[in-house]
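Taking it in order: structure first as structure tokens, then the write-up.
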Amino acid sequence: MSKHQLFKRLKRLFFTKTNTLFFLLFISISVFSQNKDLDISIDSIAFYVKNAKGAHKFSYLKRAVLLSEELKIDSLLKQTSIEYAKQSYFTKDTLGLTFSTNKLLKHFQLKKDSFSLAKAYHLEALNHKLKNNLDSTFYYFHKSKNISIVLKDSVEIGRRLLSMAIIQVKELDFLGCEITTIEGLKYIEPNKNYRTLISLYQTLGNALGHLNKPQEARSYYLKAKKIAKFNTVKHRREKNYLNLLSNIGMTYKDEGNFKKAVSLFKEGLNSDSLEIKHPEQYQALLGNVSSIYFIQGKIEKAIEGYKIVLKSRIKTKNRYTQSISHSFLTEAYLKNKEYALAKKHANKGLELAKKTRNNQRVLENLKFLSQLTKGETAKKYLEEYIKLSDSLFTRERNLKNQFAKVRYETEKKNKENVGLKQQNQRNELQIKAEKQYKIIGWLVAGVGFLIIVFGVNIASNRRKKLLFEAKLLQVEVREKERQEIAKSLHDEVAGDIRMLHLKLAKTNQIKEADSLNIIKENVRNLSHQLSSESFDKVVFKDQIINLVSDFFEPKFKIKVNEIDKVNWQEINNAIKRTLFLSLRETIQNAKKHAVAKNIILSFSETKKAVLLEVSDNGKGFNIGEKKNGIGLKNMKERIEEINGIFSIESQLEKGTTIKIEIPKNGN
Amino acid sequence: METKIRILIADDHQLVIQGILCSLKEVGDFDVVTTTTCDEAFQLIKMHQNNKPFQLLFTDLSFDNSTKDTNLDGGEELIKAIRNNEIDIKIAVITGHTETNRVYNVVSNLNPNAYLLKSKCDAIEIGFAVQKMLANDYYYTHEIHQKIMKRNIVQIQMDDVAVQILKELPNHPKISNLEGVITKSDGSVIKLRSIETKLGILRTDLNANNNTDLILKAKELGIID
């Protein structure tokens, strides 16, 4: 079982504490788990939480909290803290609340869990409530609510608003209460949290009742009554029902419909063993009935009822309501002109009201007492009354102002927040836009860079090409020059020699004539070698054939391979010329120096270059030893001039192979 | 009245012209005009085309005296101009050029009626050539003839299909049997008609009278073993 699952189960345990079976199952499973220490700890936490009842409640819960903290299991710490805080609140233990609040705040700081923060503010509010600092209470409820709004936790929002509304009723800010409850309804009505919803309706009804709008108040009470049946806890459901009866009855009373009011109150009073099960409701209902008797002038009956209520309230030790009973009794005795009794109750009521800070009652009692006494004492009470009334009025106004201010400030803050949010969004958009611009900028820069590289490449290629073409041109120019020389050799020198030869022949100097003839032949050969004209007129293949024919003999066979493999039409003339001259030089060498019998020419073409391989079966020579002849050197130079590669291999008595590779476009 | 045969001699060297003139005098009585440039030669031929036309032209191939203004730069250009104008004149090339490349170019492209070599020829050869030309025949001096023949041999040797045909021909009684046996370098079969055409070209190239003669000549020349 994984740790995570354990937590889940434990969490569920908090919500279904009564499910002992499940707990046992949990224990039994975790016994088998490997992570024993942790499991045992978690078990003990569960044990503490489970058994946190009666006398051990606090020590156990606190231990659970501390153990969770020790184990650094944050989710558990949160759960136990909240549980501990709840119990502390019910027993009015402010120290426990502060402790839990601190734990939750710490948890929030660690985990940034806003739920914890909302809870912490809630606890702080409860703490202030226990200390009777109503405005602080209101303030913290408000803060907690706002965080819940951010978390979109409707139930929490509704509950906090309800608490706030109840405070507002207490402080007589009924209008504010109305607003608050209506806001709360907005959150609670859709999600059918009936308990909170009933309370909200009731509170709203109370506020409306105080604002003298009994009809509207009743309509909300009736709404609450309608859904009271959905309250699953029987005890609470009955309580709700009774409260609503009392409240609805009060609205009828306010409208002067006493008959209807009394019938409703009596319906409530008639319920089974009311006084034991729901003493507060019993007291309220009986008090209400009595107050109607009082209005109807049945003073004795009213006093009787008030007395019972007071007794019951003394029994339940509710001093706050006791002071109310005393007030009613004072009023009744006053009406009945039993001044001594009235005074006694007024004094008692004043004392209790002061103790419970029920200012309304204090004022009432002061008023009664000023009426019941005479001279200086009455004046003193009256003065006290006026002073308190004034201060209360100011306080009330201040409080109202304060509540309004709190609300206003929050609204302002909200507006500011909205503004900030918008600004944030704008900023984000701007940042996004800037980011995009940046990306675009980079892209543009990248593209620009590529273009530059591309351009440079093209430029360098073009330069190379231009250079290559210049070289080719150079080759052609030189070739022309060679032809000029060849021409003059042939025509002038050979012609002159021929003349001389004829003259010598005529004068019968045969020997000289013969040697001159040899010179003439040499010159002619030289001339022919230099010239290689008619390139434009004869296709390259035929030129090669012609060249081969010039050397071909039955004893010197030349084999030409794959000459058609090269598309000669697309090869630059200068390349062809270089190939032609190299070939002629090579064949000449093979015939003259190597005395080869066979020679093989192989042509081939790649995408970028033309290749020629010439191999003979002649004597061969030692490449390292013999310095390359002028013919080979010239050939090499010629080829390298147009960026070609020339290589030669030779083995003595085996033959020589030369390889030529010339790029088609200078690369 | 029998008119004399008119001959034009074009050569950039006066000495050569003198030599040819001497030789022609030995051969017969001709009406000879001489010039040292191709442009003048072409002008003369054109000028006399309808009035006393030249029957024969002796020309060199390379002219060393060409300038910027020269129109026809050498014998090849002159012959080409004459052929292009469809002028009826027999042309003899008399030159020192023996490189196969040039010979082949002149012979195959310009088809002169005679090809003589300055160094080898004498009055007898010139006379023989004149006779042949006037009889509407061709005369190539022996060396040139040999060169052309050698070239043909080389070309045949380079031609894979031709070598195949020459090798296979003795093995089959009928030419039609060769179909399917002879293939191109890419392996595709050559049709009978193409084989027969090729055989005709080979016979001409090697001066053979018939296919048996062709095989014999091919063996003699070392094209096939």
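The values are calculated or read from the model by the stated rules, or taken from the named source; none is laboratory data. This structure is a prediction, so every number in the text was calculated from the model and none was measured. In this analysis, Cβ positions are derived from the backbone assuming ideal geometry, glycine residues included, and neighbour counts consider all displayed protein chains.
For this structure, a couple of remarks:
- In summary, A:Val566 fulfils each of the numbered conditions (1) modelled with pLDDT of 70 or more; (2) touching a helix residue (DSSP H, G or I) at 6+ places or on another chain (Cβ under 6 Å); (3) aliphatic (A, V, I, L, M) with the single exception of condition (2).
- Scanning segment B:48-103 for residues that are within 14 Å of chain A (Cβ to nearest Cβ), surrounded by fewer than 22 Cβ atoms within 10 Å (Cβ to Cβ) and part of a helix (DSSP H, G or I) yields B:Glu77, B:Lys80, B:Arg83.
- Hey, A:Lys226 assigned to a helix (DSSP H, G or I), surrounded by 17 or more Cβ atoms within 10 Å (Cβ to Cβ) and at pLDDT below 85 or not: no
- Test for B:Ala135: is it surrounded by fewer than 21 Cβ atoms within 10 Å (Cβ to Cβ) and either in contact (Cβ under 8 Å) with a residue 60 or more places away in the chain or acidic (Asp, Glu) (or both): no
- Qualifying residue in segment B:112-122 (condition: modelled with pLDDT of 85 or more, within 14 Å of chain A (Cβ to nearest Cβ) and within 13 Å of the chain's Cα centre (by Cα)): yes
- Selected residue (only one of A:Gln360, A:Gln423 is out of contact with any helix residue (DSSP H, G or I) (no Cβ under 6 Å at 6 or more places or on another chain), surrounded by fewer than 16 Cβ atoms within 10 Å (Cβ to Cβ) and under 26 Å from A:Ile292 (Cβ atoms)): A:Gln360
- Qualifying positions in segment A:542-567 - within 14 Å of chain B (Cβ to nearest Cβ) and either under 12 Å from A:Val610 (Cβ atoms) or surrounded by fewer than 16 Cβ atoms within 10 Å (Cβ to Cβ) (or both): A:Glu553, A:Pro554, A:Lys555, A:Lys559, A:Asn561, A:Glu562, A:Ile563, A:Asp564, A:Lys565, A:Val566
- Only one of the listed residues (A:Tyr320, A:Tyr282) is surrounded by 16 or more Cβ atoms within 10 Å (Cβ to Cβ) and in a helix (DSSP H, G or I). That residue is A:Tyr282.
- Selection within segment B:177-225 - under 22 Å from A:Ile558 (Cα atoms) and touching a strand residue (DSSP E or B) at 6+ places or on another chain (Cβ under 9 Å): B:Gly222
- Consider segment A:496-508 and keep the residues that are surrounded by 14 or more Cβ atoms within 10 Å (Cβ to Cβ) and not hydrophobic (A, V, I, L, M, F, W, C). The one that is nearest to the other protein chains (Cβ to nearest Cβ) is A:Arg498.
- Residues located in segment B:143-158, provided they are more than 8 Å from chain A (Cβ to nearest Cβ), over 16 Å from B:Ala208 (Cβ atoms) and either more than 23 Å from the chain's Cα centre (by Cα) or free of Cβ contacts under 8 Å to residues at least 12 places away in the same chain (or both): B:Gln146
- Top-ranked residue of segment A:154-178 - restricted to ones that are in contact with a Phe, Trp or Tyr (Cβ under 6 Å, 6 or more places away or on another chain) and polar (S, T, N, Q), ranked as surrounded by the fewest Cβ atoms within 10 Å (Cβ to Cβ): A:Ser154
- Remark: B:Val163 matches the filter, which requires a residue to be among the hydrophobic types (A, V, I, L, M, F, W, C) and within 14 Å of chain A (Cβ to nearest Cβ).
- Within segment A:245-276, restricting attention to residues that are among the acidic types (Asp, Glu) and surrounded by 13 or more Cβ atoms within 10 Å (Cβ to Cβ), the residue that is nearest to A:Lys226 (Cα to Cα) is A:Glu267.
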